[in-house]
Amino acid sequence: MRTTQRAFTPRRYLMCPPVHFRVTYSINPWMDPGKPIDLPLALAQWEDLRDRYRALGHTVEELAPRPGLPDMVYAANGATVVDGRVLGARFAHPERWAEAEVHLKWFRTHGYAEVREPAHINEGEGDFAVTASWLLAGRGFRSSPLSHAEAQEFFGRPVVGLDLVDPRYYHLDTALCVLDDEGDEVMYYPGAFSAGSRAVLRRLFPDALIATEEDAAALGLNAVSDGRHVLLPQAAVGLFGPLRERGYEPIGIDLGELLKGGGSVKCCTQELRQASSSPSAGGQLSPQSMSRAAL
Ligand SMILES: CN(C)C(=N)NCCC[C@H](N)C(=O)O
């Protein structure tokens, strides 16, 4: 049981309102086009998540949704941003191909100088998770193993490839969540990974919080942590106690409508990780320096 309070750092997130959210096709086991969607409820649930981030002191940028791209609400899949450098996405399924360009355009028009259009399939933060020491990278269902080498070269961070083996956990962020990105602390569900990848995870994170199948099936690992507050699907009740014991503050979120598309808190939240030193060191201008530059 940890007694000291954990520090958190203010974050910048990119989110996309589910204005055009529908389930008209099925590209993961959670999607059933026969199931009705309550769109006003989906919007209200999404707004609640956005407002929670803002109330915690985080900045939320909004990406304009496009008609005909119902999965855009899962903004985490559109890119990976580390040190202000942006690796765009290349989606596996044709239904989502057009989203990649929308994200690239957003970054190019928002002061990001280093924006790379990827050569290989990668679904952004769906399959890339950033810890202090590594870039963890999922493969098996969506992102290509070739994208791992591409990300390592682009970000200059060691990439650890992890094999996903259960179709319900088709993205890394359904099975693993980084809790403390300054101290390499994670929580994960072992059953989503191959035996070899489980051994790698045990070696890298011997003290990880291990989720039960029940909490993983509630998409409890599709969570966002700022170092202290952990926003996670409220149905993942078994995770709340262990998180508190480690000094985190779990905050339950109801994104029930968006779960019907196969995503929850993390999927809706792309983290815009700035360069740690001067704002332009990683090629990105802060909004303040942008307005100074415009004067
Ligand atoms: C938590 N996950 C898996 C995400 N990062 N994204 C959700 C994507 C959902 C979309 N219908 C799809 O199947 O691509």
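The values are calculated or read from the model by the stated rules, or taken from the named source; none is laboratory data. Bear in mind that the values here come from a model prediction, so they are computed numbers and not experimental data. Glycine also receives a Cβ, built like all others from the backbone with ideal geometry; neighbour counts cover every protein chain displayed.
Numbers at a glance
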quantity	calculated
The stretch 142-176: number of residues that are part of a helix (DSSP H, G or I) and among the β-branched types (Val, Ile, Thr)	1
Scope the stretch 1-46; condition part of a loop (DSSP other than H, G, I, E, B) and charged (D, E, K, R); matching residues	2, 6, 11, 22, 32, 35, 38
Residue 83 within 23 Å of residue 219 (Cα to Cα) and either surrounded by 13 or more Cβ atoms within 10 Å (Cβ to Cβ) or touching a Cys at 6+ places or on another chain (Cβ under 6 Å) (or both)	no
Residue in the stretch 47-55 that is surrounded by 12 or more Cβ atoms within 10 Å (Cβ to Cβ) and among the aliphatic types (A, V, I, L, M) present	yes
Checking residue 5 against (1) modelled with pLDDT of 95 or more; (2) on the phi < 0 side of the Ramachandran plot; (3) exposed (fewer than 14 other Cβ atoms within 10 Å of the Cβ), the condition it does not meet	(1)
From 189, 170, residue being closer than 20 Å to residue 124 by Cβ, buried (at least 19 other Cβ atoms within 10 Å of the Cβ) and of a type in the set (Phe, Trp, Tyr)	170
Residue 220, sole failed condition from (1) outside any strand (DSSP E or B); (2) within 20 Å of residue 1 (Cα to Cα)	(2)
Residue tally, condition modelled with pLDDT of 95 or more and hydrophobic (A, V, I, L, M, F, W, C), over the stretch 242-295	10
Some residue of the stretch 30-39 being under 20 Å from the mean Cα position of the chain (by Cα) and within 28 Å of residue 158 (Cβ to Cβ)	no
Among the residues listed as 140, 156, 126, 183, the single one being modelled with pLDDT of 95 or more, more than 15 Å from the ligand (Cβ to nearest atom) and small (Gly, Ala, Ser)	156
The stretch 89-123, subset outside any helix (DSSP H, G or I), small (Gly, Ala, Ser) and within 16 Å of the ligand (Cβ to nearest atom), residue surrounded by the most Cβ atoms within 10 Å (Cβ to Cβ)	89
The stretch 159-180: number of residues that are within 16 Å of the ligand (Cβ to nearest atom), among the hydrophobic types (A, V, I, L, M, F, W, C) and closer than 21 Å to residue 238 by Cα	5
Qualifying positions in the stretch 34-73 - among the charged types (D, E, K, R) and either in contact with an Asp or Glu (Cβ under 9 Å, 6 or more places away or on another chain) or within 16 Å of the ligand (Cβ to nearest atom) (or both)	35, 38, 48, 50, 66, 71
Any chance residue 255 is touching a helix residue (DSSP H, G or I) at 6+ places or on another chain (Cβ under 6 Å), away from the ligand (no atom under 13 Å from the Cβ) and either among the charged types (D, E, K, R) or in contact (Cβ under 8 Å) with a residue 40 or more places away in the chain (or both)	no
Residues within the stretch 199-209 that are within 17 Å of residue 131 (Cβ to Cβ) and without any contact (Cβ under 8 Å) to a residue 24 or more places away in the chain, tallied	6
Test result for residue 130, over 27 Å from residue 165 (Cβ atoms) and under 13 Å from the mean Cα position of the chain (by Cα)	no
